[in-house]
1. Quick one: check the C-alpha center-to-center distance for segment 280-303 versus segment 359-437, whole angstrom.
2. Under a point spin-label approximation (7 Å from Cα along Cα-to-Cβ), what is the ASP232-ASP370 distance to one decimal in nm?
3. Looking at the calculated P(r) for segment 165-311, what percent of the C-alpha pair distances fall above 26 Å?
4. I need the phi-derived Karplus couplings for segment 78-86: 6.51 cos²θ - 1.76 cosθ + 1.60, θ = phi - 60°, integer Hz, Gly and Pro marked x.
5. So the label point goes 7 Å from the Cα of ASP52 along Cα→C-beta, right? Which residues of segment 295-332 then have their backbone N under 14 Å from it?
6. Restricting attention to segment 160-226, which trypsin sites (Lys or Arg not before Pro) occupy a DSSP loop and are surrounded by at most 12 other Cβ atoms within 10 Å?
7. Where does the chain land at 222 nm, in deg cm²/dmol rounded to the nearest 500, when only DSSP H runs of n ≥ 4 count, each adding -39500 (n - 2.57), divided by all residues?
8. What Rg and what Dmax come out for segment 236-352 when only alpha-carbon atoms are used, in angstroms?
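A short reminder: the numbers here are calculations on the coordinates, not readings from a lab. Bear in mind that the values here come from a model prediction, so they are computed numbers and not experimental data. Here the Cβ positions follow ideal geometry from the backbone for every residue, glycine too, while neighbour counts run over all protein chains shown.
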Amino acid sequence: MRISVIGTGYVGLVTGTCLAETGNEVICVDIDKAKVEKMRNGEVPIYEPHLDVLFERNIKANRLKFTTSLEAGLEHGEIIFLALPTPEDEDGSADLSYVLNVSEEIGKKIKTYKVIVDKSTVPVGTAEKVRRVIAKNASCEFDVVSNPEFLREGFAVDDFMKPERIVIGSSSERATALMQKLYSPFVRSGNPIIVMDEKSAELTKYAANSFLATKITFMNEIANYCEKVGADVDMVRIGMGSDSRIGKRFLFPGIGYGGSCFPKDVKALKKAGKDENYDFRILNSVIEVNSAQKTILLPKIEEYFKNDLKGKTIAVWGLAFKPETDDIREAPSIDMMEAMLKKGANLQVFDPEAMPNIQKRFGDKLNYADSMYAALDGADALLICTEWSIFRTPDYDKLKQLLKNPVVFDGRNLYNVNDMETEGFTYVSVGRKSVNL
């Protein structure tokens, strides 16, 4: 099939590349000329595991192409994916200007039947808005479909190639048939393609992300309570997770969630509710608790240093909002580092992938190490903000040798408390006992 993808961010690039991998002819459209030129030369503009292999293979096979021409993209594709930014507006709502502006151009330029697919995360009713905008100028038939993505950064390629489910929001049998044909290679093992109305599909994405954010936030509250009463959140988590009604995933406590989806989508659903005179009280609490959770370790760091961080050097491991990505949007590390810088601390930081993005934001305010151990050299303590695999089994002797004091503040509960006590560390984590304070 002939596919066009408008927008080459995380969602658009993964979508286009993975659809090319199953034999479709894909053109990706982006207004950034420099970015398009780099992609034409085989350079992947984002870090996403396994994407580079598929990207290179499909460019060589001439199934994956890139252009700055919207006209070329619209002429090529029988199915047009809109994978455009929907950034958070000042009031918390999703800004649809990119989607609607492109929709207006689509209405002016399409000459034959097209299926226009909202792949971006958009509020309920967006498909109707897109349909109206296109219809103002369109001289041919078209359909608008809502097809929300459920891709986890760091696992996006696997999630696309082996989806748990595919949601298609469509009131058109013609469009639905084309979408089912497109996705049939991805569900050969029997995972469902769920067809529903457009509004329900749009809300499914917001509801799913908001529920997961709520689950994480609930566990963070349980962790904070565990510290008050002397319980161990790891034991509580295991006990809860063994209940099939609850499940094991998204029960790991820490210093809050971040990224491009959860924070934005929770706020957008809250705002959408407000627009309909409905108060999402749970989401209000989720936002409030998560904001506070990002700096939950700061008072403990200050307590250790007798409320004086001025001149102290803190090593920071992990800057991305989660492992296996270079994305720093809403990363808890940013909140922690900004708070410590305000208090006069010096920060030596390391992340396997996110350093360039952090450097764009912080400039020379941070000292950037070229390895995890280089970040420790001469530091007064270590703070862990992201659970990269390389941090999970460190050389404890080297940690004690490089740090001025064997002190670790662990925002992701990477280490066993008893092991850290045996090794002679002062160790503070989330929802578990602190040792050697």
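1. Between the Cα centres of segment 280-303 and segment 359-437 lies a distance of 21 Å.
2. 4.1
3. 47
4. Computed from phi, the couplings for segment 78-86 are 8, 10, 10, 8, 9, 10, 9, x, 10 Hz.
5. So the set is 325-326.
6. Taking segment 160-226 and a limit of 12 other Cβ atoms within 10 Å, the loop trypsin sites (Lys or Arg not before Pro) found are ARG165, ARG188.
7. Computed ellipticity for the chain at 222 nm equals -12500 deg cm²/dmol.
8. 17.2, 51
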